[in-house]
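Inspection log for the structure reproduced underneath, given as structure tokens.
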Amino acid sequence: MSWHATALTLFPEMFPGTLGHSLAGRALREGLWRLDTLQIRDFATDRHRSVDDTPCGGGAGMVMRPDVVDAACAAALAEGPARPLIYLTPRGRLLDQALVRELAAGPGLVLVCGRYEGLDQRVIEARGLREVSVGDFVLSGGEPAALVLLDACVRLLQGVMGGAESATEESFAEAAAPLLEYPHYTRPVEWQGRRVPEVLLSGHHAAVARWRREQAEAATRERRPDLWARRGGPHGRLVETQD
Ligand code: ADE
């Protein structure tokens, strides 16, 4: 049984989207993972096939009905072994590589993509939906967020990336507080008056490794002081964090 994702959405035509191309697309065609969509509207029960209604208490926008979303979840779960249910929402816990690793290691995912103002809270609680955000910004719907989450998981599946990536699998410590990547260069050695740093042309592997490490540390310190603080300083001595 390959890793199995089911997206519950009002816009199934948005899938596989970017995941139909490049490495994820090839892996999908080769059966290394499987992607289904369920049209949430197919689970509406009234004449108008309505999936949403006005918010109780008033206010702007529409809220997705709990009964309709619940029926769609039930249909997705009826297929195969139990999979975690993820609801993509800016209210969720921020996606990071630790969560990606955890989800990629499981049997797959059921992804609930909301539109409008979001889901009725009761179906989130009743189904135990795990709420996940892809960043502190608001998208027009959960579909692009679901594609981001799937992309991050699929590239970790056995056989998707080939050997190249597995070699760079980080230690536990690196995973808890990763460094940003060092900058990359290729030929030509000189372009528009800018030269590739000499050390990268030296053939001196230890010096290259040292330079890359320094560059990664400098970038992390300057751009992501939050990550840098979690490392507890330049020697990567990790500090315990509360989050
Ligand atoms: N839906 C809308 N915005 C989102 C976000 N930032 N993350 C996940 N799902 C979303």
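Here are some residues: S133, S171, S202. Which one is of a type in the set (G, A, S), within 24 Å of P225 (Cβ to Cβ) and modelled with pLDDT of 95 or more? Residue meeting the stated conditions: S133.
Going by what's in this entry, would R101 be described as in a loop (DSSP other than H, G, I, E, B) and away from the ligand (no atom under 13 Å from the Cβ)? When the stated conditions are applied, R101 does not pass them.
Residues in the range 152-168 that are of a type in the set (G, A, S) and away from the ligand (no atom under 16 Å from the Cβ) were compared, and the one that is modelled with the lowest pLDDT is A167. The residues on offer are A76, A82, and the sole one that is touching a residue at least 12 places away in the same chain (Cβ under 8 Å) and buried (at least 17 other Cβ atoms within 10 Å of the Cβ) is A76.
I'd like to know if the range 38-49 contains one or more residues that are crowded, with 17+ Cβ neighbours inside 10 Å, at pLDDT 95 or above and in contact with a His (Cβ under 8 Å, 6 or more places away or on another chain). No - not one qualifying residue is present in the range 38-49.
Could you list, in sequence order, all residues of the range 101-119 that are closer than 11 Å to L157 by Cα, within 13 Å of the chain's Cα centre (by Cα) and surrounded by fewer than 17 Cβ atoms within 10 Å (Cβ to Cβ)? Once the filter is applied, which keeps residues that are closer than 11 Å to L157 by Cα, within 13 Å of the chain's Cα centre (by Cα) and surrounded by fewer than 17 Cβ atoms within 10 Å (Cβ to Cβ), the range 101-119 yields only R101.
Give me a count of the residues in the range 104-151 that are within 13 Å of the ligand (Cβ to nearest atom) and either of a type in the set (G, A, S) or in a strand (DSSP E or B) (or both). Residues flagged as within 13 Å of the ligand (Cβ to nearest atom) and either of a type in the set (G, A, S) or in a strand (DSSP E or B) (or both) within the range 104-151 amount to 16.
Only residues that are part of a loop (DSSP other than H, G, I, E, B) and either more than 14 Å from the ligand (Cβ to nearest atom) or among the hydroxyl-bearing types (S, T, Y) (or both) were counted in the range 72-98, giving 7. Of all residue pairs spaced 6 or more apart or on separate chains, none has beta-carbon atoms under 6 Å together with a first member in the range 200-219 that is assigned by TED's automatic domain parsing to the domain that holds H184 and more than 23 Å from P188 (Cα to Cα) and a second member that is at pLDDT 95 or above and part of a helix (DSSP H, G or I).
The values are calculated or read from the model by the stated rules, or taken from the named source; none is laboratory data. Predicted model, so just to flag it, every value in this text is computed and none were measured. With ideal geometry, Cβ positions are generated from the backbone for all residues, glycine too; neighbour counts draw on all protein chains shown.
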